[in-house]
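The values are calculated or read from the model by the stated rules, or taken from the named source; none is laboratory data. All values reported here derive from a predicted model rather than from experimental measurement. Counting neighbours? That spans all protein chains shown, and the Cβs are built from the backbone with ideal geometry, glycine included.
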Amino acid sequence: MPETLYIVLAVIVVLGVVIGLYAGSKKRKGDQYRLDETTTPVITDEEARADQAVAEPDVVSDEPVVEDAPVPTLETPESVPSRMQRLRARLARSGSMGKALLSILSRADLSEDDWDEIEETLLAADVGLEASDDLMEKLRTETKVRGTTDTSVVREILREQLLALVDPSLDRTLDTTPGVGDDGQHHPATVLVVGVNGTGKTTTIGKLSRVLVAEDKTVVLGAADTFRAAAAEQLATWGERVGVDVVRSDIEGADPASVAFEAVAEGRKQNADVVVVDTAGRLQNKAGLMDELGKIKRVMEKQAPVREVLLVIDATTGQNAMSQAKVFSEVVGITGIVLTKLDGTAKGGIVINVQRTLGVPVKFVGLGEGADDLAPFDPEGFVDALLN
Ligand code: GDP
């Protein structure tokens with residue numbers, strides 16, 4: 001019977017091996033499952049907090065910080081011809097004044113009622129009393145001299161007179177050429193932007209930076225509106241969008257003059273072409289405003305002369321805008337006006353009124369919320385858009 005015994009033993013051995021292999025394979029699968037479980041990192045709340053503290057210290061410093069622009073995700077600026085066409089179309093929407101005047105002036109034998117209507121149209125479009133009187137006098141004389149109601153002649157007269165009021169001879173360039181100080185050091189051209197909150201200062205600075213960057217200029221922005229955290233945040237977003245560094249403070253209510261000073265210092269350090277400083281437009285009282293803007297300007301001038309002070313005015317706020325403009329021009333010497341939201345108003349006459357009242361040219365107009373919706377003010381294009 002030894003063969004039978006050998007066969008039984010062989011079967012037992014084979015069974016043993018098969019059972020052993022099966023059990024081994026089950027074990028490995030189980031190990032792998034647990035391995036997976038244990039390699040999934042379990043981070044405790046404390047560890048998470050500790051990690052975060054290393055990555056983003058929530059210790060805020062009093063010192064203004066420079067927020068480096070990340071590699072810009074620049075959208076390509078719109079081409080100049082398409083941009084100008086779009087801007088003209090938008091501007092034309094504020095042109096009801098021109099069209100209304102044209103239709104009245106084309107009537108035969110203008111009566112006093114017609115002239116009253118002309119005056120009402122001018123005042124409704126925010127041209128202002130003085131400029132309206134002037135324009136009416138010139139129109140009366142010219143229409144009499146040329147003695148016609150022919151629409152094309154009347155249009156020509158109106159165009160000439162409106163253009164004279166807008167004054168194409170004013171210098172509307174923005175001085176953005178850096179210089180060298182008495183100390184032989186590089187001085188960026190500095191631009192201070194002032195105006196009441198909500199008029200569009202920050203947006204204008206963003207759009208303007210985009211224009212400057214497209215001209216291959218290097219720009220540093222200063223977020224000296226430190227009273228609202230959202231304002232610095234908004235400027236930082238524009239900085240990222242257009243690819244320029246922003247100097248800001250992490251502390252709400254930090255000294256705006258200190259941020260402005262650091263922005264110009266950073267501009268010098270970087271050999272930047274232009275430094276543009278945003279400010280808060282709190283019209284609490286004239287003396288307070290004068291103190292605040294005066295101090296900002298003074299400290300900036302310790303680093304480099306302030307070349308431009310741009311006053312931003314919301315064209316849709318009419319008479320209110322005019323009184324704000326007067327206060328700002330009294331507290332800080334304005335070198336140029338940016339008239340925003342001209343896309344949202346039919347009252348284009350404010351261009352004439354504000355220039356006449358302040359004796360300062362409109363240098364830019366805002367025609368929308370988009371990054372390319374800022375145009376250098378072009379008197380002829382403006383008057384043509386009014387009349388079209
Ligand atoms: P700030 O408080 O003076 O800095 O004003 P902001 O830059 O925050 O602008 C206030 C609001 O006006 C925002 O909603 C802007 O998008 C809007 N805005 C600025 N400029 C223009 C413009 O030219 N046209 C239009 N339609 N809106 C504008």
Residue check for Ala315: under 14 Å from Gly195 (Cα atoms) and either within 16 Å of the ligand (Cβ to nearest atom) or at pLDDT 90 or above (or both): yes
Starting from the stretch 354-373, keep only residues that are in contact (Cβ under 8 Å) with a residue 12 or more places away in the chain and of a type in the set (A, V, I, L, M), then list their pairs with residues that are within 15 Å of the ligand (Cβ to nearest atom) and part of a loop (DSSP other than H, G, I, E, B) whose Cβ atoms are within a distance under 6 Å, requiring at least 6 positions of separation or different chains. Val362/Phe377; Val365/Phe377; Leu367/Asp373
Would you mention how many residues in the stretch 329-362 are away from the ligand (no atom under 14 Å from the Cβ) and outside any helix (DSSP H, G or I)? 9
Tell me which residues, restricted to the stretch 85-127, are more than 19 Å from Lys341 (Cβ to Cβ) and of a type in the set (Asp, Glu). Asp109, Glu112, Asp113, Asp114, Asp116, Glu117, Glu119, Glu120
Take Gly179 and tell me if it is at pLDDT below 95 and either in the same structural domain as Leu311 (by TED's automatic domain parsing) or surrounded by fewer than 24 Cβ atoms within 10 Å (Cβ to Cβ) (or both). yes
Of everything in the stretch 262-286, what is more than 21 Å from the chain's Cα centre (by Cα) and at negative phi? Give them in sequence order. Ala265, Arg268, Lys269, Gln270, Gln284, Asn285, Lys286
List every residue pair whose Cβ atoms lie under 6 Å apart, where the two residues are 6 or more positions apart in sequence or sit on different chains, the first residue falls within the stretch 229-242 and is of a type outside the set (Asp, Glu), and the second residue, located anywhere, is crowded, with 16+ Cβ neighbours inside 10 Å and part of a helix (DSSP H, G or I). Gln234/Thr202; Leu235/Thr202; Trp238/Gly206; Val242/Ser209; Val242/Arg210; Val242/Val213
Looking at Arg228, Arg248, which is the one that is crowded, with 23+ Cβ neighbours inside 10 Å and among the basic types (Lys, Arg)? Arg248
